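The structure under discussion appears below in the form of structure tokens.
The values are calculated or read from the model by the stated rules, or taken from the named source; none is laboratory data. Note that this is a predicted model, so its numbers are computed, not measured. No Cβ is skipped: glycine too gets one built from the backbone with ideal geometry, and neighbour counts run over all protein chains shown. The accessibility values were calculated without ligands, DNA or RNA, using every heavy atom of the protein model including side chains. Shrake-Rupley method; radii C 1.70, N 1.55, O 1.52, S 1.80 Å.
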Amino acid sequence: MGKSRKKIQIVILLAVLILGGYAIGSTFFGKDKTGLLKVGAEPPKFELADLDGNVRSLSEFKGKPVVVNFWGTFCEPCVREMPEFERQYEKWKDHDLVILAINLSEDTLTVNNFVNRFDLSYPILRDVNRQTERSYGLRQYPTTFFIKPDGTLMEVKVGGMLEKDIEERVERLLQL
């Protein structure tokens with residue numbers, strides 16, 4: 001009798017863990033059925049701290065072409081494309097291109113080590129509570145939002161990109 005009771009308790013515990021994990025995952029990653037933001041929409045505003053603790057907001061870049069890239073050091077496609085974003089940033093920053101890389105709540109040491117390793121010079125922001133991630137409807141990393149100078153969304157790219165893919169989108173964003 002004791003062994004079957006133990007098995008039942010284990011099954012109940014596993015069911016609770018699975019349902020709890022699903023509920024938590026739905027809360028953090030869920031979005032209504034429309035999914036990601038629509039082209040032409042105005043992206044949600046945010047205020048996030050950079051690595052020096054300065055608060056940066058999307059609205060401060062109104063009138064400039066902006067690339068918002070959600071990334072993590074744990075994400076291989078993210079790791080591959082970060083240096084490619086750096087090259088594009090260096091190439092186009094004199095055209096007022098802004099690249100904002102939003103890290104997905106990793107610890108400061110990990111993010112700083114990554115930034116130093118790849119010598120990244122564009123702003124790295126921290127989404128510590130993942131609220132910005134949720135407001136943008138993220139489902140996969142990396143996800144990149146290309147925002148026109150008028151503040152509307154030109155394109156959303158889910159998944160990693162090669163440098164030529166980034167450059168093509170930046171050129172359209174800059175209307176070259």
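Computed quantities for the displayed model
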{"item": "Interchain or long-range residues, amide H under 5 Å from Leu100's placed H", "result": "Val67, Val68, Asn69"}
{"item": "Average accessible surface area per residue within the range 32-171, 1.4 Å rolling probe, Å²", "result": "48 Å²"}
{"item": "Spin-label model distance (nm) - Glu60 vs Leu162, 7 Å beyond Cα toward Cβ", "result": "3.6 nm"}
{"item": "Computed lengthening from Asp94 to Gln131, 0.36 nm per intervening residue step minus Cα-Cα distance", "result": "10.2 nm"}
{"item": "Out-of-range pairs (alpha-carbon distance over 20 Å; input Lys91/Lys148; Lys64/Lys91; Lys38/Lys164; Lys45/Lys148)", "result": "Lys38/Lys164"}
{"item": "Signed unit charges on C-beta, dipole axis of the range 67-176, positive-most listed residue Met154, Ser121, Thr132", "result": "Thr132"}
{"item": "Beta bridges per DSSP with both ends in the range 22-172, % antiparallel, nearest 5", "result": "60 percent"}
{"item": "Fully extended contour minus Cα-Cα distance, from Asn112 to Glu171, at 0.36 nm per residue", "result": "18.3 nm"}
